[in-house]
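What follows is a set of notes on a single structure, which appears directly below.
The values are calculated or read from the model by the stated rules, or taken from the named source; none is laboratory data. Quantities reported herein were computed from a predicted structural model and do not represent experimental measurements. Every residue, glycine as well, gets a Cβ built from its backbone with ideal geometry; the counts of neighbours run over all protein chains shown. When the accessible area is computed, the model is the full protein with side chains, heavy atoms only, and any ligands, DNA or RNA have been set aside. Shrake-Rupley method; radii C 1.70, N 1.55, O 1.52, S 1.80 Å.
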Amino acid sequence: MSSAKTLAYSQRAARHSNPAAKLLLETIERKKSNLAVSVDVTKSEDFLVIIDAVGPLTHIDILEDFDNSLIGHLEELSKKHDFVIFEDRKFADIGNTVALQYSSGVHKIASWSHITNAHPVPGPSVISGLASVGIPLGRGLLLLAEMSTKGALATGSYTEEAVRMARANKNFVIGFIAQRRMDGVGLPENDLDNDDDFLILTPGVGLEVKGDSMGQQYRTPDEVVRQSGCDVIIVGRGIYGTDLKDVGAIRLRAERYREEGWNAYLKRIQS
């Protein structure tokens, strides 16, 4: 069986049964973009300006802080620019609690977000709780297997357990937030029955800087996609910077990251 690392996004889309995984891979291929823009701003006006500027160049947007009134605008932009919505919620509680957080409350995340994520630290119940809401809606879940911050505790046996949990829930868990491919992690070497094809979305991507004052560590798109075999580069401040009104500059930086990420993917599957 061919490794997911060497297959085209379109080939992998055909192998997935989860609707969110299929949508993500098909959108990446259609737009020739494996760029995710992390829109981590607090003002709704800035939020919508950034999304409208980068939407044509991305396939996914990650949302953290927003007012419920923005959801309608967000869905309109998703259709206008053909991108998938990923809410970077990082659920981390018992099954019943996360099910309520996912389906109810002010945000009603499951009703509009194609993909969300969770910490595996609560154990399998965090997956079963989210799955009870997400599977009927065709949603997908990412587990945080690794992080890009210096000194992160998500390593070793923690990462291996996250992968085992994902393998036991492939109908809903479509991949990981991680720094490398997870295929084969925790399995015996030369396991011929391993058919892992988890999507890897990777934060900590930068073209110039190597880190910040709060422990974030950056790698280039080539290091992330070609060398480490990851599927999607997640970029925030490197694209929208500090001048949120300079739409032209934001769009140019997004295009540069999109091009770098896509070229790294082409080199990977052609090598």
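Ordering 78, 44, 69 by accessible area with a probe of 1.4 Å, largest first, what comes out?
Values: 78 15, 44 55, 69 80 Å².
From most exposed to least exposed: 69, 44, 78.
Counting alpha carbon pairs within less than 8 Å and at least 6 residues apart, what relative contact order, in whole percent, applies to the range 212-267? Walk me through the numbers on the way to the answer.
Values: 31 pairs, mean separation 24.3, N = 56.
The normalised contact order for the range 212-267 reaches 43 percent.
Kindly report, to the nearest 10 Å², the accessible surface of residue 147 as traced by a 1.4 Å probe over protein heavy atoms only.
Here the accessible area works out near 80 Å².
What is the spin-label model distance, in nm, from residue 76 to residue 97 if the labels are put 7 Å beyond Cα along the C-beta direction?
Here the modelled spin labels are 3.7 nm apart.
Of 154, 166, 254, which has the largest mean-square fluctuation in a 10 Å C-alpha GNM of the chain?
Residue with maximal mean-square fluctuation among 154, 166, 254: 154.
Under a crude label model (7 Å from the Cα following the beta-carbon direction), how far is residue 252 from residue 271 in nanometres?
Here the answer is 3.1 nm between the modelled labels.
Assign unit charges at the C-beta atoms only (+1 for Lys and Arg, -1 for Asp and Glu), then state the dipole size of the range 15-157 relative to its Cα centre in Debye, rounded to the nearest 20. Could you put the intermediate results ahead of the total?
On the way: 13 positive and 17 negative charges, 110 e Å.
Roughly 520 debye, rounded to the nearest 20.
Arrange the residues 49, 54 by how much accessible surface each exposes, largest first, with a 1.4 angstrom probe.
Of 49, 54, the descending order of accessible area is 49, 54.
For 266, 252, give me the order by solvent-accessible area with a 1.4 Å probe, most accessible first, ignoring ligands, DNA and RNA.
My answer, sorted largest first, is 252, 266.
Under 10 Å, Cα contacts only: if you run a Gaussian network model on the chain, which one of 104, 113, 128 comes out with the highest mean-square fluctuation?
104
If you line up the Cα atoms of the chain on their principal axes, what length do they span on each, largest first, in Å?
Dimensions of the chain along the principal axes of its Cα atoms: 51, 46, 38 Å.
Once neighbouring chains are kept in place and the probe is 1.4 Å, which whole percent of the accessible area of the chain is contributed by carbon and sulfur?
Numbers: 6210 of 12020 Å².
Solvent-exposed carbon and sulfur of the chain make up 52 percent of the total.
Using 0.36 nm per residue, how much length does the chain from residue 152 to residue 40 gain when fully extended, once their Cα-Cα distance is taken away? Walk me through the numbers before you get to the answer.
Details: separation 112, 0.36 × 112 = 40.32 nm, distance 2.07 nm.
Stretched fully, the residue 152-residue 40 segment lengthens by 38.3 nm.
Which value at 222 nm does the chain reach when only helices count, each DSSP H run of 4 or more adding -39,500 (n - 2.57), with the total divided by all residues and rounded to the nearest 500 deg cm²/dmol? The partial results should precede the final answer.
Details: 9 runs with 102 residues, N = 271.
Helix contribution divided over all residues of the chain: -11500 deg cm²/dmol.
Pairs of alpha-carbon atoms within less than 8 angstrom and 6+ residues apart define the contacts here; what relative contact order does the chain have, in percent? Intermediate results must be reported in sequence, preceding the final value.
Numbers: 511 pairs, mean separation 53.8, N = 271.
Relative contact order, the chain: 20 percent.
Determine the shape class of the range 98-149: with a ≥ b ≥ c the square roots of the Cα gyration tensor eigenvalues, call it rounded for a/c under 1.5, and otherwise prolate if a/b is greater than b/c, oblate otherwise. The partial results should precede the final answer.
Working: a/c = 1.76, a/b = 1.54, b/c = 1.14.
It is prolate, given that a/c is not under 1.5 and a/b is the larger ratio.
Could you compute how much accessible surface residue 75 exposes when probed at 1.4 Å, giving the result in Å² to the nearest 10?
70 Å²
Using the heavy atoms of the protein chains and a 1.4 angstrom probe, tell me the accessible area per residue for the chain in square angstrom. List each step's numbers first, then the result.
On the way: 12020 Å² over 271 residues.
Spelled out: the 1.4 Å probe surface of the chain, per residue, equals 44 Å².
State the number of lysine pairs found in the range 1-56 whose Cα atoms come within less than 18 Å, restricting to pairs 8 or more positions apart or on distinct chains. Before the final figure, lay out the partial values.
On the way: 5/22; 5/32; 22/31; 22/32.
For the range 1-56, qualifying lysine pairs total 4.
For the chain, what is the charge dipole size about the Cα centre, in debye to the nearest 20, if Lys and Arg each add +1 at the Cβ and Asp and Glu each add -1 at the Cβ?
The calculated dipole for the chain is roughly 420 debye.
Keeping all protein chains in the complex and leaving out DNA, RNA and ligands, what accessible area do you get for residue 242 with a 1.4 Å probe, in Å² to the nearest 10?
Accessible area of residue 242: about 140 Å².
Among 246, 82, 222, determine the one that fluctuates most according to a GNM of the chain built with springs between C-alpha atoms less than 10 Å apart.
For the chain, modelled as a Gaussian network with Cα springs under 10 Å, the answer is 246.
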